[in-house]
1. So which residues in segment 47-80 are closer than 19 Å to residue 187 by Cβ and surrounded by 24 or more Cβ atoms within 10 Å (Cβ to Cβ), if there are any at all?
2. So for segment 93-109 (the condition being open to solvent by less than 30 Å² (accessible area, probe 1.4 Å), at pLDDT below 85 and assigned to a helix (DSSP H, G or I)), does at least one residue qualify?
3. One residue is enough: does segment 236-243 have a residue meeting the conditions in a helix (DSSP H, G or I), open to solvent by 20 Å² or more (accessible area, probe 1.4 Å), of a type in the set (S, T, N, Q) and farther than 30 Å from residue 102 by Cα?
4. Could you list, in sequence order, the residues of segment 206-259 that are among the aromatic types (Phe, Trp, Tyr) and within 23 Å of residue 350 (Cα to Cα)?
5. Looking at (1) open to solvent by 10 Å² or more (accessible area, probe 1.4 Å); (2) at pLDDT 90 or above, can you tell me which one residue 385 breaks?
6. For residue 213, only one of the following conditions fails: (1) within 17 Å of residue 285 (Cα to Cα); (2) open to solvent by less than 10 Å² (accessible area, probe 1.4 Å). What is its number?
7. Can you tell me which residue is most open to solvent (accessible area, probe 1.4 Å) among those in segment 336-360 that are at pLDDT 95 or above and outside any helix (DSSP H, G or I)?
8. Consider residue 277 carefully, then state whether it is modelled with pLDDT under 80, open to solvent by 20 Å² or more (accessible area, probe 1.4 Å) and farther than 19 Å from residue 71 by Cβ.
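The values are calculated or read from the model by the stated rules, or taken from the named source; none is laboratory data. Everything quoted here is computed from the prediction, not taken from an experiment. Neighbour counts run over all protein chains shown; Cβ positions are idealised from the backbone, glycine included. These accessible areas exclude ligands, DNA and RNA; they are computed on the full protein's heavy atoms, side chains included. Shrake-Rupley method; radii C 1.70, N 1.55, O 1.52, S 1.80 Å.
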Amino acid sequence: MAGTSVGADDYALTRVPEQARYSWWSVATQRFGQISALSQFLLGATLGFGMSFWTAFWALTLGAVILELVAILIGIIGAREGLQTSVIARWTGFGQAGSSLIGLAIGISLIGWFGIQSAVSAAGLSQLIGVLPTWGWSLVFGLAVTLVVLRGFHSMAWVAYVTVPAFLVLVGWSIISVLSDHSFSSLVNAAPPGPQLSLLEGTTLVAGGFIVGAVITPDMTRFNRSVGDVVKQTVLGITLGEYVIGLVGVLLAHAVGSANVITIVTSSVGWVGTLVIILGTIKINDWNLYSSGLGIVNFIGTVFGRHVNRAVVTLVVGILGSVLAAGGILDKFTEFLTVLGVAFPPIAGIMVAEYFVVKRWRPDLEATRAAGTLPATAPTWVPATIVIWIGAALIGKYVGWGLPSINSLVVGFLAYVVAGKLGLIRGVGTSRTMDSAPAEIGGAVPEPGRI
């Protein structure tokens, strides 16, 4: 889909053609950028405050394995079909109307996280630099990220090439400054300084902290060239992100006896800490905004029958998120975002069950893949799926045993498979598909195949 003067539409409602795919390393850099953000530092510090080093290590390991399995399976769907998450959902169990609900949920959830991340960075910048009040930095930071995302995946890739290495160097500098007065062996063997967390609680924090990012993996992997690329970039990006940043946070918590490690690090190294805050947030916030825009584009397309340009939606959503962050309104949405976090995992479970096991609508996708088009029609509603989605989310929310996010994911997967075997997965109504023609080459992404 050709770009406009506002920015790139970036194949928001069409398949990404082979000529517009990227190398696995390019996508892996962005995946690592997502998982190695400032929030991962804080997660590691939280684990270290309540766990020994080795218990935290196993919590990170178990959480990473869970995230990788989810991200790889649903990411393979994105790479094969070249479609973003909420569009794929039309033919992976949810139907046209159900996919619009997913798009809206993604849009609301991630614009919330975009605003919260902007507000966190703004508070740090206001404290360390001054010049502007916190609300002013919220606007500046949010709008700066919006400008990056307007140009789409290509622009975000180049930002990642700069920010990821710079972030790692600056983090290394910060860590050396703080840990130079401590023995590594003493930190590894130290007792947790705060109230103890169990392995189950720690694993829940790790898996739950990025489960929404894992569910929307197709937004990223649709730019991968092969299934092997999905596996490589997921394993490398998530494993390094969890271990490198997470374990450093654990060590810092043991060194300073506090979970508020970021404040200590940034205050210890001055302007370097300021750069850590900026780079650590840009790398995840651009994807928050990008996927939010994709979800809303699909919602508008399915509900109102209009294809609005992704970049236009990104601009509107970015401004809205920046203003809400500046006004502090998004603090009220934390509980709502937590509920959405429990509701997202069943989406992945249902999509994986439909695509790999039940295969009720997979032939429709396969029949049009070679031509680069979408199936001409999709089921309007799939009532059984909606019931399974709600039921799995409620189990994740209210069942106290195990990992809430994983409980809801597994229940969603198993319930859909059983319903499929019983012949209960049936569409109600038929909807025509917008943008079923092949995507145009050349306007959306400038020469991505060379990267």
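1. 47, 48, 49, 51, 56, 59, 60
2. Yes, there is a match, as at least one residue in segment 93-109 is open to solvent by less than 30 Å² (accessible area, probe 1.4 Å), at pLDDT below 85 and assigned to a helix (DSSP H, G or I).
3. no
4. Hits for segment 206-259 are 210, 223.
5. It is condition (1) that residue 385 fails.
6. (2)
7. Step by step, filter segment 336-360, then rank; the result is 360.
8. no
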